[in-house]
1. Pick out, in residue order, every one of the GluC sites (Glu not before Pro) in segment 187-252 that is DSSP loop and has at most 10 other C-beta atoms within 10 Å; say none if there are none.
2. Please report, in debye to the nearest 20, how large the charge dipole of the chain is about its Cα centre when each Lys and Arg carries +1 at its beta carbon and each Asp and Glu carries -1 there.
3. What list do you get for H41, H242 if you sort them by fewest beta carbons within 10 Å?
4. Tell me, what is the percent relative contact order of the chain, built from C-alpha pairs under 8 Å that lie six or more residues apart?
5. If you filter segment 110-190 for trypsin sites (Lys or Arg not before Pro), then keep DSSP loop positions with at most 12 other Cβ within 10 Å, what is left?
6. Of the trypsin sites (Lys or Arg not before Pro) in segment 212-315, which ones lie in a loop per DSSP and count no more than 15 other C-beta atoms within 10 Å?
7. Can you tell me the length gained on complete extension of the stretch N216 to V258, counting 0.36 nm per residue apart and subtracting the Cα distance?
8. GNM, the chain, Cα, under 10 Å: largest mean-square fluctuation among S300, S273, S251?
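Bear in mind these aren't lab numbers, they're just calculated from the coordinates by the rules spelled out. Predicted model only: the values in this text are computed from it and were never measured. Cβ atoms come from the backbone with ideal geometry, glycine included; neighbour counts cover every protein chain shown.
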Amino acid sequence: MKIIGTGSALPKKIITNEMLAGFLDTSDEWITTRTGIKSRHIITDEKLEDLGAEAVNKALEMSGLGVSDIDLFIVSNVLNGYDTPSLSCIVAAKTGLKCPMFDINCACPGFIYALDMAESYYKAGKVKNVVIACIEEPSRMASWDDRATCILFGDGAGAVVLTEGDNIKGIKLNAEPDVDKIWMTRPLIDNPYAIWKEGLVPMQMKGREVFRFAVNACTKGVKNLLDESGIDKDDISWFMVHQANKRIIDSIIDFMKVPSSRFPVNIHDHGNSSSASCPILLDECNRKGMFKEGDLIVFSAFGAGLLSGAAILEW
Ligand code: UT7
């Protein structure tokens, strides 16, 4: 497939590190040096589905396609207020999309998992035009008393429109299932035969172990994909890496030995927006006119699961 439209939407409210230091035992200095984050957008009076619809509408507008042209709508999302219907149905009710649709929960690499699904449907001859939207509100997952997690995240939505083409040069997905590294639970309704004992447990994360997984998954995943695709790293114009921690990105730059100017970064004013991170970055770079036809772009993302994935796309 080929990307012909991108869009993104961010909440209005911006929370700076200094604002967090007002109620948490933390500092701008700690957050900046350990993560590269200076501020993040947090949903307050907006609705997550409205951000999703805005991102989809912008991507559709850029693509020149209308909702009736779309054959499949895939939404990547970890958490939203509804357990049913799916967030894809909620966003479709706002945008007018009426094609088959579903949600996936692959955490931060959700955009790459969704790209793989879109490409597979396309190669099976079932679809011509696909919309992917990654719509995330991780600010409602971490406890705001937990300085080790809540400082990391920002909310937002990113979307792409894909059509027929042979621009996806390779995708590689990876899983190292391990519930213990990043998890969160919410209560289920009790019934007469089963009582839910755990209650709500906000996001728990073993930060250092996830850090190691992230660097390893990203460097190996990208190297393996480049080797398998017969593409040299020096031919890659842009590396779009999941914006989880600037130190993770710097470790990948060191390992790959490519100029840091080829790694666009927006973590300083977005934080980690889970699967929305890659498509938001893509849209921002696209709207700045950074890409030219023929540019090779690598995507790489990692997160809860533990899942990771990498993709190479020709612009
Ligand atoms: O997209 C999902 C995937 N998630 C990630 O990619 C996250 C990966 N992990 C990380 O980015 C880093 O591990 C963190 C940013 C989460 C933590 O950085 P770290 O350098 O690994 O710090 P640490 O967890 O080893 O903690 C070092 C110290 C601890 O204090 P002690 O035990 O040494 O006294 C923490 O309690 O820093 C403390 N600390 C903080 N101090 C000030 C933890 N959070 C904070 C904070 N402000 N916000």
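1. E198
2. In total the dipole reaches around 260 debye.
3. Lowest to highest Cβ neighbour count: H41, H242.
4. Value for the chain: 26 percent.
5. When the trypsin sites (Lys or Arg not before Pro) of segment 110-190 are filtered for loop state and at most 12 Cβ neighbours within 10 Å, K126 remain.
6. Taking segment 212-315 and a limit of 15 other Cβ atoms within 10 Å, the loop trypsin sites (Lys or Arg not before Pro) found are K257, K288, K292.
7. Net length gain for the segment: 13.4 nm.
8. The residue that fluctuates most here is S251.
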